[in-house]
1. Between a first residue in the range 112-134 that is within 8 Å of the ligand (Cβ to nearest atom) and a second residue that is among the small types (Gly, Ala, Ser), which pairs have beta carbons less than 8 Å apart while being 6 or more apart in sequence or on different chains?
2. Since Arg23 meets every condition but one in (1) at negative phi; (2) open to solvent by less than 80 Å² (accessible area, probe 1.4 Å); (3) in contact with a Ser or Thr (Cβ under 6 Å, 6 or more places away or on another chain), which condition does it not meet?
3. So how many residues does the range 16-56 have that are among the acidic types (Asp, Glu) and either within 17 Å of Arg111 (Cβ to Cβ) or part of a strand (DSSP E or B) (or both)?
4. The conditions are (1) open to solvent by 80 Å² or more (accessible area, probe 1.4 Å); (2) β-branched (Val, Ile, Thr); (3) within 14 Å of the ligand (Cβ to nearest atom), and Ile47 fails exactly one of them. Which is it?
5. Has the range 53-65 got at least one residue that is away from the ligand (no atom under 13 Å from the Cβ), out of contact with any Ser or Thr (no Cβ under 8 Å at 6 or more places or on another chain) and more than 18 Å from Thr13 (Cβ to Cβ)?
6. For the range 78-134, give me the residue count where each residue is of a type in the set (Gly, Ala, Ser) and over 26 Å from Ile47 (Cα atoms).
7. Regarding the range 85-94, can at least one residue be identified that is within 13 Å of the ligand (Cβ to nearest atom), among the small types (Gly, Ala, Ser), surrounded by 17 or more Cβ atoms within 10 Å (Cβ to Cβ) and within 13 Å of the chain's Cα centre (by Cα)?
8. Tell me, which residue of the range 2-17 that is within 12 Å of the ligand (Cβ to nearest atom) and open to solvent by 20 Å² or more (accessible area, probe 1.4 Å) is nearest to the chain's Cα centre (by Cα)?
Amino acid sequence: MTRTPITVLTYGTFDLFHHGHVRLLQRLSQLGDELIVGCSTDEFNDIKGKRCVMPFSQRREVLEACRYVTRVIPEETWEQKRSDIVNHNVSIFAMGDDWTGHFDDLGDLTRVLYLPRTPDVSTTELKTRIQQRVSAA
Ligand code: CTP
C-alpha cells in the first residue's frame, strides 16, 4: 500500500542565505517527504518593512539549489497560508521559534511547529558584520 507523502511548508525571506537557514531547512526536510518554501517577494517585503540585498529571483534560485528544498513558491500575502496548506495538502507547517505562537490559528488545518533558531547568526547580523568591515577598512 502506498502512503500519502508528508508535505512540510515554511515561509521566509532568506536574504543572504546563511547556515541558520540551511540548518532550519535540513531539520524541516527530515520531518517529512517534501519541503515547500514560501519565499517572500520583494513587494511583500515592502509590506513587512524588510529591505533585502538580494532580489526575489535570486533568493528563489538559491533556495531551489538547496538540497533540502523540494519546491519554492512566492509568498505574497499574510493570508495565503490557509489556501497554500489546503492546495498543497500540507501535513506540517513549521517556522523558526522567533515566530512562536504567531501561526497557532492554522492548527485547525495542519500540525503547527516552531523549531529552535540556530544561535548567533541572522541576515541582520551578517549585514552589520559587513558594515563593520567596510567601516574598519
Ligand atoms: N532562522 C533560523 N535560525 C537563524 C536565522 C533564521 O532558524 N539563525 C529561520 C527563521 O526562524 C525563519 C527562517 O529561518 O523561520 C527564515 O528567516 P529569515 O527571516 O529569512 O532569516 P533571518 O536571518 O532571521 O533574517 P533577518 O535578520 O532579516 O530577520
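The values are calculated or read from the model by the stated rules, or taken from the named source; none is laboratory data. In this text the structure is predicted, and so the values were computed from the model without any measurement. Glycine also receives a Cβ, built like all others from the backbone with ideal geometry; neighbour counts cover every protein chain displayed. Only protein heavy atoms, including side chains, enter the accessible area calculation; ligands, DNA and RNA are left aside. Shrake-Rupley method; radii C 1.70, N 1.55, O 1.52, S 1.80 Å.
1. Leu115/Ala94; Leu115/Gly96; Pro116/Gly96; Arg117/Gly20; Arg117/Gly96; Thr118/Gly20; Val121/Gly20; Ser122/Gly20
2. Exception for Arg23: condition (2).
3. Residues that pass the stated criteria total 2.
4. (3)
5. No, that holds for no residue.
6. Looking only at that region, the number is 1.
7. Checked the range 85-94: at least one residue is within 13 Å of the ligand (Cβ to nearest atom), among the small types (Gly, Ala, Ser), surrounded by 17 or more Cβ atoms within 10 Å (Cβ to Cβ) and within 13 Å of the chain's Cα centre (by Cα).
8. The selected residue is Phe17.
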